[in-house]
Amino acid sequence: MVGIEFRFPGGQYHATPWQRHVNEADVEWPPSPWRILRSLIAVWHRKAVYEEFSTETLRNLIDALSSSHPEYALPPAVHTNVRHYMPIGGGGTTLVYDGFLRLDRDAVLVVRWPDVNLNDAETRLLKRLVDKLAYLGRAESWVEANFVDVFRGEANCFPVEQSAKTLVDVDRSAASNDMKEFTKVLVPMSHGEFKKWRENEERTSSKKQSSRSKRFELAEDLLEALSVDTNDLERAGRLQPPGSQWVMYERPVLDEFRGTHAIPAVRDRSERYHAARFAIVHDRLPRLLQTLDVADILHMAILSICGDAVPTIVSGRDAEGNLSVGHRHLYILPEDADADGRLEHITLYSSEPFPPELVNSLLKLRKIWTPLWWSGERREWPLYLEGFSEVRAHDTDGRSQEALPLLQAARVWRTCTPYLHPWHVKRNGRFGPEEQIRRELATRGLPSPVRVERLPAVKVRGREYQTIQFQRYRRSKKMNLPDTLGSFWEIEFAEKVPGPIALGAHCHFGLGLFVPRKS
């Protein structure tokens, strides 16, 4: 075993995750192996360790630490941020969000590679690099680091193995009863994986490069890949460092942590769950405009796994083939939780408890993909089941801290996908979309809104999207709809109302989805 202990004497840890803007105030937790190895390489250069140890020894050390994914023992941490105005050119200022984790000054973070063994030269080099490491992440994240080869504690943050991991058998430590969540961690490829990746890049890079961009020189090995300057990556138009990959990790929930939501791990398959949530893990997440397609594909995947034993909650039809009434069947609601225009979660909800057939099917679900008859490029997206929830929608018990994001309570709700009114408008113009929204809310048992306002478009990071840009037709089923264009709306209630709120045609597939308006 090889490990490193980190203490944060300043009580703070600052590190912006890869592919995230610093002003989003997110924090990379746990510190990624990619970040740790880059820090060690920086120490080798800046602290003149190269005078004592050769480049070949450093290369062997990097290859060894990249051969497997580490485990972590994470201390308790709280996500917080400070806001201040930074001067900019022209005498103005801009609001800056500085996100970081607050830790106890004596807290210890341990990262360990249980399957890695180093020779004497590599061990001495790692000890020297770790001893000279002054910070991790941003410069204000001071650290005191120590090399360890014996660890008697319990790890609480593990890589998720897709082929062998299910949430029903999570019981690795005393912390396994606590709330868990999943997060993507940037890790280096192994030596063999990097070699195959580089061969493939050499064959395809010339086709990918724009004629106006400077050709990006591929790294020869992992050491060189980890040493590439981020400015060079940006100039080459690369969204991910060469030789890196995303791995899903399970970690304890951070207090006040943004961007992900934890659900208690599944312990049995009893009929008490009303919701489930998946994370989509891919370097090319589907767009918000593809909401209907993603929900449709997931629905087909569940039907395929269920086989002949498809429950009514999934098919929407009873044993005699009659349509279910009252919207008691399954809602499949893709989420853009961080409002970046990409779908990174999918919430499934039903007012009726999930039957065992559905629970078993969701536990088997590992990925979704477009069928062969699907138009356009074939796509597939790995899925990770974050867990199940017993919370029902529209309860009035004030359980906002335990509810999933789409089940949170709010007074003002705004559509993030087009609302297609389900009934025909009268010839005299009466019974238009606003009246239909009010009727649908009433049939769902929700209070009458004090305000219903039509919006011209939806905005995602300053960019406006019109309804015509969204997919509005199910590719798996032909339907004649009263409304084929759609519209965007904002509704306000006198009191807070819990979600989910999805109205109109295709509301069970993510269209007409209302989300709490962010102030």
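With the checklist (1) under 30 Å from TYR249 (Cα atoms); (2) acidic (Asp, Glu); (3) surrounded by fewer than 16 Cβ atoms within 10 Å (Cβ to Cβ) in hand, flag the one item GLU52 doesn't pass.
(1)
Looking at SER351, SER375, which is the one that is of a type outside the set (Asp, Glu) and at pLDDT below 85?
Of SER351, SER375, the one residue that is of a type outside the set (Asp, Glu) and at pLDDT below 85 is SER375.
Can you tell me which residue within the range 346-372, out of those that are part of a loop (DSSP other than H, G, I, E, B) and more than 22 Å from the chain's Cα centre (by Cα), is farthest from LEU404 (Cα to Cα)?
Selected residue: LEU372.
Can you confirm whether ALA301 is in the same structural domain as ALA502 (by TED's automatic domain parsing), touching a Gly at 6+ places or on another chain (Cβ under 7 Å) and either assigned to a loop (DSSP other than H, G, I, E, B) or not acidic (Asp, Glu) (or both)? Walk me through it before giving the result.
Details: in the same structural domain as ALA502 (by TED's automatic domain parsing): yes; touching a Gly at 6+ places or on another chain (Cβ under 7 Å): no; either assigned to a loop (DSSP other than H, G, I, E, B) or not acidic (Asp, Glu) (or both): yes.
It is false that ALA301 is in the same structural domain as ALA502 (by TED's automatic domain parsing), touching a Gly at 6+ places or on another chain (Cβ under 7 Å) and either assigned to a loop (DSSP other than H, G, I, E, B) or not acidic (Asp, Glu) (or both).
Mind checking whether some residue in the range 463-478 is in the same structural domain as MET300 (by TED's automatic domain parsing), surrounded by 11 or more Cβ atoms within 10 Å (Cβ to Cβ) and on the phi > 0 side of the Ramachandran plot?
No, because not a single residue in the range 463-478 is in the same structural domain as MET300 (by TED's automatic domain parsing), surrounded by 11 or more Cβ atoms within 10 Å (Cβ to Cβ) and on the phi > 0 side of the Ramachandran plot.
Quick check, is VAL497 outside any loop (DSSP other than H, G, I, E, B) and touching a Cys at 6+ places or on another chain (Cβ under 6 Å)?
So VAL497 does not fit the description; no.
Given the conditions (1) surrounded by 11 or more Cβ atoms within 10 Å (Cβ to Cβ); (2) in a loop (DSSP other than H, G, I, E, B), and given that GLY445 satisfies all but one, which numbered condition is not satisfied?
Only one criterion is unmet by GLY445, namely (1).
Regarding GLY99, is this residue among the small types (Gly, Ala, Ser) and within 28 Å of the chain's Cα centre (by Cα)?
Here the answer is yes, as GLY99 does meet what is asked.
Check the range 213-227 and report whether any residue there is loosely packed, with under 10 Cβ neighbours inside 10 Å and modelled with pLDDT of 70 or more.
Scanning the range 213-227, I find no residue that is loosely packed, with under 10 Cβ neighbours inside 10 Å and modelled with pLDDT of 70 or more, so the answer is no.
Output yes when any residue across the range 404-425 is in contact with a Ser or Thr (Cβ under 9 Å, 6 or more places away or on another chain), modelled with pLDDT under 85, surrounded by fewer than 17 Cβ atoms within 10 Å (Cβ to Cβ) and assigned to a loop (DSSP other than H, G, I, E, B), and no when none is.
Looking for residues that are in contact with a Ser or Thr (Cβ under 9 Å, 6 or more places away or on another chain), modelled with pLDDT under 85, surrounded by fewer than 17 Cβ atoms within 10 Å (Cβ to Cβ) and assigned to a loop (DSSP other than H, G, I, E, B), one finds none in the range 404-425, hence no.
Quick test of your reading of the structure: GLY137 fulfils all but one of (1) surrounded by 14 or more Cβ atoms within 10 Å (Cβ to Cβ); (2) farther than 30 Å from TYR50 by Cβ. Name the failing condition by number.
Unmet condition: (2).
Conditions tested, residue by residue: (1) farther than 30 Å from ILE368 by Cβ; (2) modelled with pLDDT of 50 or more; (3) small (Gly, Ala, Ser); (4) not in a loop (DSSP other than H, G, I, E, B).
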site	(1), (2), (3), (4)
GLU154	yes, yes, no, no
PHE158	no, yes, no, yes
SER163	no, no, yes, no
ARG172	no, no, no, no
ALA175	yes, no, yes, yes
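Check ARG251, ARG284, ARG267, ARG277 and return the single one that is closer than 26 Å to PHE158 by Cβ and at pLDDT below 75.
Sole residue among the options that is closer than 26 Å to PHE158 by Cβ and at pLDDT below 75: ARG267.
Out of (1) buried (at least 18 other Cβ atoms within 10 Å of the Cβ); (2) of a type outside the set (Phe, Trp, Tyr); (3) under 19 Å from the mean Cα position of the chain (by Cα), the odd one out for ASN23 is which?
The failed condition is (1).
Regarding the range 303-320, can at least one residue be identified that is at pLDDT 80 or above, of a type in the set (Gly, Ala, Ser) and closer than 21 Å to PRO405 by Cβ?
No, that holds for no residue.
When the residues of the range 179-200 are filtered to those that are modelled with pLDDT under 85 and surrounded by fewer than 17 Cβ atoms within 10 Å (Cβ to Cβ), which remaining residue is farthest from PHE388 (Cα to Cα)?
Checked the range 179-200; the qualifying residue farthest from PHE388 (Cα to Cα) is GLU199.
If you scan the range 452-476, which residues turn out to be free of Cβ contacts under 8 Å to residues at least 24 places away in the same chain and within 20 Å of ALA295 (Cβ to Cβ)?
Just the residues of the range 452-476 that are free of Cβ contacts under 8 Å to residues at least 24 places away in the same chain, to begin with: 459, 462, 464, 466, 468.
Within the range 452-476, just ILE468 meets the criteria.
The values are calculated or read from the model by the stated rules, or taken from the named source; none is laboratory data. Since the model is a prediction, treat every value here as computed from it, not as a measurement. Here Cβ is always computed from backbone atoms with ideal geometry, including for glycine, and neighbour counts include all displayed protein chains.
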